[in-house]
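Just below is one structure, and these are the notes that go with it.
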């Protein structure tokens, strides 16, 4: 199987599994320290297929999948985690700088400044937009 197809399969599997709400207890968030790809998996994902390096992904475990949205101000990744994700291994350099955005819920909110879309119960925390200042949230489809 080609590397790019394998990565697409991993992403789709993680999204479908997470969206189903089944089995999230054993899922963990993994992010590649080189290409910033985020994957949800019960085990460390395969190294092959890193778009940044032929040597393969260098996975950093961020923590268990959960009901809270966090965003790193440096690499801009959004992580649905049980608690504040691991700070180590930010692909943008050094350590992550996490902002807690809010509990996962049924309403999509998008930031006019950075474009991030998150599903939350209430309007997400505005503090810490990676594009500077505060997020400017609006409800989106």
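The values are calculated or read from the model by the stated rules, or taken from the named source; none is laboratory data. No experiment lies behind these values; they were computed from the predicted model shown. All Cβ positions, glycine included, derive from the backbone under ideal geometry; neighbour counts span all protein chains shown.
What number of residues in segment 47-71 are in contact with a helix residue (DSSP H, G or I) (Cβ under 6 Å, 6 or more places away or on another chain) and surrounded by 15 or more Cβ atoms within 10 Å (Cβ to Cβ)?
2
Scan (1) surrounded by 15 or more Cβ atoms within 10 Å (Cβ to Cβ); (2) touching a strand residue (DSSP E or B) at 6+ places or on another chain (Cβ under 7 Å) for the single condition residue 74 breaks and write down its number.
Unmet for residue 74, out of (1) surrounded by 15 or more Cβ atoms within 10 Å (Cβ to Cβ); (2) touching a strand residue (DSSP E or B) at 6+ places or on another chain (Cβ under 7 Å): (2).
What number of residues within segment 26-46 are surrounded by fewer than 19 Cβ atoms within 10 Å (Cβ to Cβ), outside any loop (DSSP other than H, G, I, E, B) and touching a helix residue (DSSP H, G or I) at 6+ places or on another chain (Cβ under 7 Å)?
Looking only at that region, the number is 0.
Can you list residue pairs whose Cβ atoms sit under 6 Å apart, with the first residue in segment 99-112 being free of Cβ contacts under 8 Å to residues at least 24 places away in the same chain and the second being surrounded by fewer than 19 Cβ atoms within 10 Å (Cβ to Cβ) and not in a strand (DSSP E or B)? Count only pairs 6 or more apart in sequence or on different chains.
105/121
Among (1) at pLDDT below 95; (2) buried (at least 16 other Cβ atoms within 10 Å of the Cβ); (3) within 15 Å of residue 35 (Cα to Cα), where does residue 94 come up short?
(2)
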